[in-house]
Amino acid sequence: MQLTLRVWRQRDAKSPGRFETYEAKEVSPDVSFLEMLDLVNDDLQRRGLDPIAFDHDCREGICGSCAMMINGYAHGPEPAVTACQLYLRHFKDGDTITIEPWRAKPFPIIKDLVVDRSAFDRIIRAGGYVSVDTGNTPEANSIPVPKPDAEEAMDAAACIGCGACVAACPNASAMLFVAAKVAHLAKLPQGQAERKRRVVSMVGQMDQEGFGNCTNHYECMAACPKEIHVKFIAQLNRDYLRAARSRRPSEPQG
Ligand code: SF4
Ligand code: FES
């Protein structure tokens, strides 16, 4: 395949960025999108040019690192896959492909396609600890978890923190991410001890980081490679309202 790539190049957050055009020549339709970028970078380096900076780690849809917009879609046009799971066979020979970083104020550009997603880490940190029994390891079945709750907790826990939901949302809202992180503990008995404090703190941190509000576009769910459902946002709103109404003055104000 021959592909023309329009890639966003930007030295750092303060420098102006621009699109540069590159050719990916004679690439197999069986290589992944990131492998194709590796080949383009090999060629750039051979010619003494600066390779395209992009984030990646596991390359199997687990770590959430490979954040990039491909033809205007977060992680590319294929549903329920990360950019590292996208293969060139989903494109046509001769295609022009536009590649950009996540565009959201709370994710400042570090270089080219790499953005700083530490705002997500700070939201997770605001969630704090989970109280556990520090005695002997409890017998695995001593805390019964109803099957539907276990299934929902697992669905929410599938979130890999990639940020595609923020990049796809016209308001750069992080509600789907926060909802998933709150829900996977709120659904389990072990998550109840700090449930109220957790939701208030995480939503408070989300607002401080400058993420926008949810206005029900549902672009987040369409972009999410792990198919996290927007029903978790409704649950987040219910949890937050309940917690905010009932918290004592001594508890964190969010
Ligand atoms: S909710 Fe989906 S899109 Fe958002 S961070 Fe989690 S996995 Fe990525
Ligand atoms: S590189 Fe880990 S999810 Fe893509």
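Looking only at the range 42-64, count how many residues are open to solvent by 20 Å² or more (accessible area, probe 1.4 Å) and closer than 14 Å to Leu113 by Cα.
Within the range 42-64, the first condition is being open to solvent by 20 Å² or more (accessible area, probe 1.4 Å), and the residues that meet it are 42-43, 45-51, 53-60, 62-63.
Those left that are additionally closer than 14 Å to Leu113 by Cα: 50-51, 53-56.
Number of matching residues: 6.
Scanning the range 73-88 for residues that are open to solvent by less than 50 Å² (accessible area, probe 1.4 Å) and away from ligand 1 (no atom under 14 Å from the Cβ) turns up Leu86, Leu88. For the residues Arg122, Arg117, Arg103, the requirement of being within 23 Å of Gly72 (Cα to Cα) and touching a helix residue (DSSP H, G or I) at 6+ places or on another chain (Cβ under 8 Å) singles out Arg103.
Of the helices (runs of 4 or more DSSP H) lying entirely inside the range 100-186, those containing at least 2 residues that are away from ligand 2 (no atom under 16 Å from the Cβ) and loosely packed, with under 14 Cβ neighbours inside 10 Å are 118-127, 147-157.
Once the range 1-36 is narrowed to residues that are among the polar types (S, T, N, Q) and farther than 19 Å from Arg47 by Cα, the residue that is most open to solvent (accessible area, probe 1.4 Å) is Gln2.
Residue by residue, here is whether (1) assigned to a strand (DSSP E or B); (2) touching a strand residue (DSSP E or B) at 6+ places or on another chain (Cβ under 9 Å); (3) at pLDDT below 95 holds:
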{"residue": "Trp8", "(1), (2), (3)": "yes, yes, no"}
{"residue": "Ser28", "(1), (2), (3)": "no, no, no"}
{"residue": "Leu37", "(1), (2), (3)": "no, yes, no"}
{"residue": "Gln45", "(1), (2), (3)": "no, no, no"}
{"residue": "Pro51", "(1), (2), (3)": "no, no, no"}
{"residue": "Asp57", "(1), (2), (3)": "no, no, no"}
{"residue": "Pro79", "(1), (2), (3)": "no, no, no"}
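A search for C-beta distances below 6 Å between a residue of the range 170-183 that is more than 11 Å from Tyr218 (Cα to Cα) and any residue that is surrounded by 24 or more Cβ atoms within 10 Å (Cβ to Cβ) and basic (Lys, Arg), counting only pairs 6+ apart in sequence or on different chains, returns nothing.
The values are calculated or read from the model by the stated rules, or taken from the named source; none is laboratory data. Every value quoted in this text rests on a predicted model; they were computed, and no experiment measured them. Methodologically, a virtual Cβ is constructed for each residue, glycine included, from the backbone with ideal geometry; neighbour enumeration extends over all protein chains shown. With ligands, DNA and RNA removed, areas are computed over all heavy atoms of the protein, side chains included. Shrake-Rupley method; radii C 1.70, N 1.55, O 1.52, S 1.80 Å.
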